[in-house]
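Chemist: Below is one structure. I have some questions about it.
The values are calculated or read from the model by the stated rules, or taken from the named source; none is laboratory data. Quick caveat, the model's predicted, so the values are computed rather than measured. Cβ: placed from backbone, ideal geometry, glycine included. Neighbour counts: every protein chain shown.
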Amino acid sequence: MRPRWRKVFSDLIDNKARTLLVVFSIAVGVFAIGVLVGAYEIISTDMSVSYAANNPSNIEIRMSDFDEEFLHTLGNVEGVEDVEGRWVFGIRVRPLGSDEWTSLNVITIDNFEENKINLLSPVSGTAAPEKNQILLQKEIFEDFDVAPGDTIEFQLSDQTVKSIVVAGIVADSSTDAIDFLAPPLGYITPKTLRLFNEPEGNFNRLYATVGEGKDDEDHIKDVLSNIKDKVEKNDYMVWRAFNSKTHEHPLESTINAVLGILFALGVLILFLSSSLIANTLSALLNQHLRHIGVMKLIGGRDKLIFRMYIVLLFAFGVLSLVIAVPLGGQGAYALSEFMGTKIGFELLGYRIVPLAFIVQILIGILVPLAAGLVPVIKGSRVTVQKALSGDLAREADEGGEKKESRLESFQIRAVSVLADRGIRISRPLLVSLRNTFRQRNRLILTLFTLLMGGATFISVFNVRVSLTEYIQVVGNYFLADVTISFEKLYRINEVQQFAMDDPRVTAVEGWAFASAEILYDDDTVADNVDILAPPAESPLVNPLLVDGRWIAPTDKRKLAISESVYDSYPDLQAGDKIPLKILGREEIWEVVGIFKFIGMEGTIAYAPYEYIAKETNVVNQSASFRIVSDSHELEVQEELAKDLDAFFRDNGFQVSETSPGLSMLNEASESIDILITFLLIMAVLTAVVGAMGLAGTMSMNVLERTREIGIMRAVGATDFEIIRMVLVEGLLIGMISFVLSILVAFPFTYLLSWIVSSATFETPIAVVFTPVGYGIWLGLVILLSVLASVIPARGAARLTIREVLAYE
Amino acid sequence: MTETQSLPLIEFRDVVKNYKSEAGIFPALKGINLQVERSEFLGIIGKSGAGKSTLLNMFTGVDELTSGEVIVHANGESISLHTLSENDLALWRGRTMGVIYQSFQLLPMLTLVQNVMMPMDMSGLYHPRKSREKALELLDMVELIEHAHKLPAYISGGQQQRVAIARALANDPPVIVADEPTGSLDSVTADHIFQLFERLVQSGRTIVMVTHDKGLVPRFSRHIEIVDGELLPPSNSPLMGENHSFPLRGKVGKGAK
Ligand SMILES: Nc1ncnc2c1ncn2[C@@H]1O[C@H](COP(=O)(O)OP(=O)(O)OP(=O)(O)O)[C@@H](O)[C@H]1O
Ligand SMILES: [Mg+2]
């Protein structure tokens, strides 16, 4: 090897700690970007491809029972390509030998082979069940383990327990895709219906695809509207209606927004890691000044020396790529897979994403080059004279001498002021104070890295609390302790009587529902809206109004609507009138109030039961009941839900689902937790980068002062004093960064909260601050500062005086 | 070639060097005129702070001058050093001049042979394999061949200085410039180094060496004295009387004889 490359090679391997520091700094950023770009690519392709591959329905209508003949009629509605009717009912299942029931929605599919909409992908076993067999959606694994051939038990609404053979496990990315809180699904043929005591030949759900404009939301809405017209004209009831595009998973925009946030954080990490690299490299060049001087003395030109150091930077980049590219690829796939299972879509298989690969390589090579360019150019341009005398101060900044002395005089003054008050600052302490500020650029970069890491870390905790608080607020719309849904309408009095038999129950409400469409002035459909109709005075809804008032018992053709109405009517105000298509009629309704809700859940509205029940001919009846108990703890609610479920079934009610009130909130918080987990991973990565920044700076400081430390030891300083000197310096940097982080965390929290909440709820949320993030970060910073300073200081203190003074 | 052959090797014309600092302007060289002839062993002596290193830096061009000119007639061309760019100067210096410092300035991460190869690598005058052979030859000449693959930290100061000399000779430069090359060595080792220099002069090289050791004066083919940035006329040597101000060095110098 030529001596110059031999030197570059030695620079790379001789100081392993420094090389690792640089390599890891680059690797962290490259890894983060690799994971995010890779995951973004995989998720956005696979999500829509796997979703579209199963020919998802564009339209889903949950409605009152209808038959084959009417299904045919619906198939002839203009714009409709295919229709399928399905009979869906709820049961509870458990593996043999368990006493833990799990809710399951069973879907009856007429012909598994010729099914055209919401296709199933086999996971294991068969994809077409025989008579008295069931297929289970693989999400069931979140509740229990089961394999094809196993027998499971199920319980019907009349309490009978029977068993059925599981014929296969399937993935179903289409059905209920919009609702990631829905229970898992089971699939049977009509021949099996008798086993479940269910009627044959009926459907209660309609799935339809449109012939053209499969990704044109407005067109799909128009077709949906046509179908609903037909349905309602024939005296069927629509409970809920959904529309979705073929090539866009209903949750895609949410996921993309989440990935977008992560991506922004990834860029921040990259940015921080490059400032770290710049720091380390300029220290390295400083240490190499004499070498540069020697090389120039014996005939080395700028260009040659520049090239040597560029190769060194390149080598750093390549080494970091070796670490970060495989890890990043794995990470991207793992992240995609995690998202896939949580949200319910299939990945197309492990692969290297070329874009991520290229981006990683570019970043891994360019970032160190960019970060190192200034120090390298500066280093290679230095004159022999200055390099050999180690006299960079004057080169680096002209006023350096003056500033140092100003700092010094400030220090002397401060010390004497303190001394006047009886506070004595020891000499080594003074030395460490001065050391801290000696390398100003390095200090600024270190502070910046730590500060950004800290502020992000703290903000993530604040946003987490803000999100959970918000979920609590949303909980004000779900104040019932137990919600019971029946398969059919029951008289409210009757249900009330039964429920009040339980001494824990204090109130029972029956609610009504209606599905409607908001229209534009030209009669085109703007949005679907689900109208919930509790008794107007119901204490079970505690809305967060942004405008107007809540519903009143005497309201006619009036509703309170959720904020997402702004998507269609941006300037809507309380008191305005909007055209509504409800129960097959076009009407003008008045918006009395606008309230906050999770935008992602679609637009919902409230109108008084008193009015809706009359309009839907269900006066004094309901299929959905809200029950209030004397305790609002989740455990109590769960207990009560179980008991009421059993009680109603015992008394011949056809219960479809019973759920404790807080469970929905818990599940919502769980999905928020997925998001928070990602944010925390990012926070930890930024903290890692910050920590590396501090560790790097401290070890560089100590390294550069090795000679000084040797001299101090030679004149009698103990190891303890030396370690303390460095420790104080580390802690001081840590504390300054902490104080700054506190300040910067404010705007960061607002920004992050705004981004996250707009992405997930489509509406900004109130920001809440928690001391937790600050506390953890303070602890971390102290720990990091101590470690980052004590480890190199101990190393330096261990060197013998002879070694130190011979130190190059 | 023949044209420059008749000229002195190096010419200083009214060289002035002022250092600027916080305290003001310090004149370190006050108008130096001197000539170095081919194949001479020139000693520059003067006490600490007299301006010896400053003067030497003018020979090598590593520091800028305030006014005046340094002209080198070598390799068939006449060059005014301070008109060259830093880059051209580095290249020129690598091929024309071997520089030796009191602190040996070896690269610590390279073995001795690689250190010696470095100038050849930089100048690009030799094929890598050739330069290795040459480096080993040079190490053999300074009697360090058996240490060729050690790192500088594992040999003594005197040995390191011999490596520095070998390195200075790598590109076969016509001129060798040395700043107190024996300054940190004991008298026996210093004598060794000195003998090496004498042999190099005999083989036709020109050496300019700075020292504050008056005892070495008789061993130079010519010497000049510098006091407070000015050269003393050769005949007039009042400094001799101040010999006692370097008692220790004087002894070392004498011991070296
Ligand atoms: N960079 C500088 N800035 C200001 N003054 C300088 C600088 N370098 C040298 N000097 C001054 O110039 C004068 C000559 O310095 P020089 O290093 O040439 O002395 P020297 O003869 O080599 O001494 P020594 O034998 O101690 O090495 C000294 O008085 C010194 O203080
Ligand atoms: Mg000197």
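Chemist: Residue A:283: surrounded by 19 or more Cβ atoms within 10 Å (Cβ to Cβ), away from chain B (no Cβ under 14 Å) and more than 26 Å from residue A:35 (Cα to Cα), yes or no?
Modeler: Yes, satisfied.
Chemist: I'd like the residue in the stretch B:127-159 that is outside any helix (DSSP H, G or I) and within 11 Å of another protein chain (Cβ to nearest Cβ) and, out of all such residues, is farthest from residue B:182 (Cα to Cα).
Modeler: Among them, the one singled out is B:127.
Chemist: Still on this structure, I have one more. For residue A:676, indicate whether it is at pLDDT 85 or above and not hydroxyl-bearing (Ser, Thr, Tyr).
Modeler: no
Conditions tested, residue by residue: (1) over 25 Å from residue A:389 (Cα atoms); (2) in a loop (DSSP other than H, G, I, E, B); (3) within 8 Å of chain A (Cβ to nearest Cβ); (4) in contact with a Lys or Arg (Cβ under 6 Å, 6 or more places away or on another chain).
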site: B:102; (1), (2), (3), (4): no, yes, no, no
site: B:120; (1), (2), (3), (4): no, no, no, no
site: B:172; (1), (2), (3), (4): yes, yes, no, no
site: B:177; (1), (2), (3), (4): no, no, no, no
site: B:185; (1), (2), (3), (4): no, yes, no, no
site: B:191; (1), (2), (3), (4): yes, no, no, no
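Chemist: From the list A:4, A:86, pick out the single residue that is within 14 Å of chain B (Cβ to nearest Cβ), surrounded by 18 or more Cβ atoms within 10 Å (Cβ to Cβ) and in contact (Cβ under 8 Å) with a residue 24 or more places away in the chain.
Modeler: A:4
Chemist: I'd like to know if the stretch A:291-300 contains one or more residues that are buried (at least 20 other Cβ atoms within 10 Å of the Cβ), part of a helix (DSSP H, G or I) and more than 12 Å from chain B (Cβ to nearest Cβ).
Modeler: no
Chemist: Still on this structure, I have one more. Look through the stretch B:56-80, keep the residues that are part of a loop (DSSP other than H, G, I, E, B) and under 17 Å from the mean Cα position of the chain (by Cα), and return whichever of them is nearest to ligand 1 (Cβ to nearest atom).
Modeler: Across the stretch B:56-80, the extreme among qualifying residues is B:63.
Chemist: Taking the conditions exactly as written (hydroxyl-bearing (Ser, Thr, Tyr), in contact with a strand residue (DSSP E or B) (Cβ under 8 Å, 6 or more places away or on another chain) and more than 16 Å from ligand 1 (Cβ to nearest atom)), does residue B:53 satisfy them or not?
Modeler: So residue B:53 does not fit the description; no.
Chemist: Give the number of residues within the stretch B:37-64 that are more than 10 Å from ligand 2 (Cβ to nearest atom), at negative phi and within 14 Å of another protein chain (Cβ to nearest Cβ).
Modeler: So the count comes out to 6.
Rundown of residues vs (1) within 14 Å of chain B (Cβ to nearest Cβ); (2) surrounded by fewer than 19 Cβ atoms within 10 Å (Cβ to Cβ), yes/no style:
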site: A:289; (1), (2): yes, no
site: A:318; (1), (2): no, yes
site: A:336; (1), (2): no, no
site: A:342; (1), (2): no, yes
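Chemist: What number of residues within the stretch A:178-195 satisfy the criterion of being modelled with pLDDT of 90 or more and aromatic (Phe, Trp, Tyr)?
Modeler: 1
Chemist: Can residue B:87 be described as within 14 Å of chain A (Cβ to nearest Cβ) and more than 15 Å from ligand 1 (Cβ to nearest atom)?
Modeler: Spelling it out, residue B:87 is indeed within 14 Å of chain A (Cβ to nearest Cβ) and more than 15 Å from ligand 1 (Cβ to nearest atom).
Chemist: In addition: Restricting the stretch B:26-50 to residues that are within 11 Å of ligand 1 (Cβ to nearest atom) and among the aliphatic types (A, V, I, L, M), which is nearest to residue B:221 (Cα to Cα)?
Modeler: Per the criteria, the residue is B:44.
Chemist: If residue A:111 passes every condition in (1) touching a Leu at 6+ places or on another chain (Cβ under 6 Å); (2) assigned to a loop (DSSP other than H, G, I, E, B) but one, which one does it miss?
Modeler: Here residue A:111 clears every test but (1).
Chemist: Looking at the stretch A:123-153, which of its residues are more than 30 Å from the chain's Cα centre (by Cα), closer than 19 Å to residue A:90 by Cα and not in a loop (DSSP other than H, G, I, E, B)?
Modeler: A:133, A:134, A:135, A:151, A:152, A:153, listed by residue number.
Chemist: Restricting the search to the stretch A:62-76, which residues are at pLDDT below 90 and in contact with a helix residue (DSSP H, G or I) (Cβ under 8 Å, 6 or more places away or on another chain)?
Modeler: Within the stretch A:62-76, just A:63 meets the criteria.
Chemist: Turning to a different aspect of this structure: Being more than 16 Å from ligand 1 (Cβ to nearest atom) and among the aliphatic types (A, V, I, L, M) is true for just one of B:216, B:185, B:196, B:232. Which residue is that?
Modeler: B:196
Chemist: Right, here's the next one. When the stretch A:342-356 is examined, which residues are found to be in contact (Cβ under 8 Å) with a residue 60 or more places away in the chain and either more than 18 Å from residue A:31 (Cα to Cα) or in a helix (DSSP H, G or I) (or both)?
Modeler: Once the filter is applied, which keeps residues that are in contact (Cβ under 8 Å) with a residue 60 or more places away in the chain and either more than 18 Å from residue A:31 (Cα to Cα) or in a helix (DSSP H, G or I) (or both), the stretch A:342-356 yields A:342, A:343, A:344, A:345, A:346, A:347, A:348, A:355, A:356.
Chemist: Now a separate question. In the stretch B:4-27, which residues are touching a residue at least 40 places away in the same chain (Cβ under 8 Å), surrounded by fewer than 20 Cβ atoms within 10 Å (Cβ to Cβ) and over 16 Å from residue B:176 (Cα atoms)?
Modeler: B:4, B:7, B:13, B:14, B:16, B:18, B:27
Chemist: Kindly check whether there is at least one residue in the stretch A:95-103 that is under 36 Å from the mean Cα position of the chain (by Cα) and buried (at least 20 other Cβ atoms within 10 Å of the Cβ).
Modeler: No.
Chemist: Got a sec? Which of A:28, A:22, A:35 is modelled with pLDDT of 85 or more, away from chain B (no Cβ under 13 Å) and buried (at least 21 other Cβ atoms within 10 Å of the Cβ)?
Modeler: A:35
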